[in-house]
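Accompanying notes for the structure given below.
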Amino acid sequence: MNRREFITLLGGAAAAGWPLVARAQQPAKLPTIGYLNGVSAAEWARPMAGFHRGLGEMGFVEGRNVAIEYRWAEGRFDRMPAMAGDLIGRKVAVILVGGHLAGVRNVMAATQTIPIVFTTNSDPVAAGVVTSLSRPGGNVTGVTGLGGELGPKRLELLHEMLPTATKLAMLVNPSNPVTTQDAIQAAQTGARRLGLEIVVVSARTENEIETAFAAAVQQRAAGLLGTDAYFESRRDQIAALGLRHALPTMLGSRASVAAGTLMSYGASIADFYRQAGVYVGRILKGEKPADLPVIQPTKFELIINLKTAKALGLTIPESFLLRADEVIE
């Protein structure tokens with residue numbers, strides 16, 4: 001073989017073989033999780049930390065062996081159908097929908113094949129999202145915080161803190177009709193037993209929250225109770241409004257009490273999302289949503305902000321404080 005033939009042969013080998021080597025050395029595409037929520041990323045850092053812990057328990061770390069596509073509606077719930085469609089178009093492996101059953105329906109309407117994991121305070125069976133809690137069926141499962149069922153207990157605790165109250169306000173989000181309906185029905189059931197009147201005020205935006213507080217005060221409500229995920233994301237604003245209007249306020253999470261609301265009663269949101277992360281990880285490993293029962297919390301926490309109570313001029317009985325899982329001072 002002369003020099004020219006050798007160079008020709010070498011060039012042909014490079015053209016034929018090197019691209020194959022280059023393709024073989026390209027990193028494999030990571031499985032992708034789609035995440036959809038009606039709130040903003042900045043307002044949901046603590047729950048998402050719990051989600052990543054759950055993924056980690058299943059051996060998944062974002063950027064290492066799994067990718068995540070985030071979609072935050074930032075309070076504009078009308079954007080969620082388009083965001084759901086975008087995630088499905090990207091052919092994600094599984095979609096986690098946070099805090100809003102309307103968002104779950106948006107995803108369900110667009111796909112019957114991509115697995116869906118939800119986190120919600122509503123009853124997913126009554127909402128028609130799953131067939132039953134033990135056997136969800138279809139491509140959907142998740143975690144429910146039983147927000148509606150906890151409503152009477154939360155109302156009872158707030159009334160115990162305000163024993164002379166005859167009227168309490170219920171803050172609801174009309175953009176989340178399933179949760180809103182559950183919350184109102186539960187509150188009215190509990191109110192009848194306690195001899196209380198419930199004033200319903202609604203808000204879906206930051207400005208409407210201001211208006212809702214003013215309406216509650218105008219109607220002489222002695223306290224305010226809210227449970228929607230959007231209100232948890234606006235906890236700093238709600239805590240400030242409660243103090244400004246001297247209106248004792250109760251949401252559903254420890255984070256809201258740390259922000260300055262009077263108290264909370266409910267499951268840990270961070271652990272809620274940790275459990276969702278575990279389910280997402282199990283699905284990535286091959287399990288089917290239909291085979292994963294909807295998770296219900298078994299432990300609930302009563303958290304009280306003593307500093308807020310003092311600012312509102314409330315004296316909390318020692319017996320009530322002793323029942324608290326945590327008192328923030």
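Results for (1) farther than 20 Å from Tyr279 by Cα; (2) without any contact (Cβ under 8 Å) to a residue 24 or more places away in the chain, shown as yes or no for each residue.
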{"position": "Thr120", "(1), (2)": "no, no"}
{"position": "Val129", "(1), (2)": "no, no"}
{"position": "Met170", "(1), (2)": "yes, no"}
{"position": "Asn207", "(1), (2)": "yes, yes"}
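Looking only at the range 76-113, count every residue that is within 14 Å of Gly142 (Cβ to Cβ) and outside any helix (DSSP H, G or I) and tell me the total.
Of the residues in that region, 7 qualify.
Picking from Asp325, Asp291, which residue would you name as being open to solvent by 30 Å² or more (accessible area, probe 1.4 Å), free of Cβ contacts under 8 Å to residues at least 40 places away in the same chain and touching a strand residue (DSSP E or B) at 6+ places or on another chain (Cβ under 7 Å)?
Checking each option against the conditions leaves just Asp325.
Might you check whether a residue that is in contact with a helix residue (DSSP H, G or I) (Cβ under 9 Å, 6 or more places away or on another chain), at negative phi and either free of Cβ contacts under 8 Å to residues at least 12 places away in the same chain or acidic (Asp, Glu) (or both) occurs anywhere in the range 300-308? Outline the logic, then answer.
Pass one, the range 300-308, residues in contact with a helix residue (DSSP H, G or I) (Cβ under 9 Å, 6 or more places away or on another chain): 300-306, 308.
Keeping just the survivors that are at negative phi gives 300-306, 308.
Next, from what is left, pick out any that are either free of Cβ contacts under 8 Å to residues at least 12 places away in the same chain or acidic (Asp, Glu) (or both): 301.
Yes, there is a match, as at least one residue in the range 300-308 is in contact with a helix residue (DSSP H, G or I) (Cβ under 9 Å, 6 or more places away or on another chain), at negative phi and either free of Cβ contacts under 8 Å to residues at least 12 places away in the same chain or acidic (Asp, Glu) (or both).
Please specify each residue of the range 94-110 satisfying the condition of being closer than 18 Å to Phe51 by Cα and surrounded by fewer than 24 Cβ atoms within 10 Å (Cβ to Cβ).
Val94
For the range 205-285, which fully contained helices (runs of 4 or more DSSP H) count at least 2 residues that are surrounded by fewer than 24 Cβ atoms within 10 Å (Cβ to Cβ) and over 22 Å from the mean Cα position of the chain (by Cα)?
Working: elements: 206-218, 229-233, 235-244, 254-259, 269-284.
Passing ranges, in order: 206-218, 235-244.
Among the residues of the range 36-75, write down those that are in a loop (DSSP other than H, G, I, E, B) and either free of Cβ contacts under 8 Å to residues at least 40 places away in the same chain or within 18 Å of Pro115 (Cβ to Cβ) (or both). Please lay out each step first, then the result.
At the first step, the residues of the range 36-75 found to be in a loop (DSSP other than H, G, I, E, B) are 38-41, 58-61, 63-65, 73-75.
If the condition is that a residue be in a loop (DSSP other than H, G, I, E, B) and either free of Cβ contacts under 8 Å to residues at least 40 places away in the same chain or within 18 Å of Pro115 (Cβ to Cβ) (or both), then Ala41, Met58, Gly59, Phe60, Val61, Gly63, Arg64, Asn65, Ala73, Glu74 are the ones that fit.
Looking only at residues that are of a type in the set (D, E, K, R) and either surrounded by 24 or more Cβ atoms within 10 Å (Cβ to Cβ) or more than 21 Å from the chain's Cα centre (by Cα) (or both) in the range 132-173, which one is nearest to Gly99 (Cα to Cα)? Steps first, please.
Of the residues in the range 132-173, the ones of a type in the set (D, E, K, R) are 135, 149, 153-154, 156, 160, 167.
Subset that is either surrounded by 24 or more Cβ atoms within 10 Å (Cβ to Cβ) or more than 21 Å from the chain's Cα centre (by Cα) (or both): 135, 154, 156, 160, 167.
Details: Arg135: 21, Arg154: 19, Glu156: 24, Glu160: 28, Lys167: 28 Å.
The residue in question is Arg154.
The values are calculated or read from the model by the stated rules, or taken from the named source; none is laboratory data. This one's a predicted model, so the numbers in the text were calculated from it and none came from an experiment. Here Cβ is always computed from backbone atoms with ideal geometry, including for glycine, and neighbour counts include all displayed protein chains. With ligands, DNA and RNA removed, areas are computed over all heavy atoms of the protein, side chains included. Shrake-Rupley method; radii C 1.70, N 1.55, O 1.52, S 1.80 Å.
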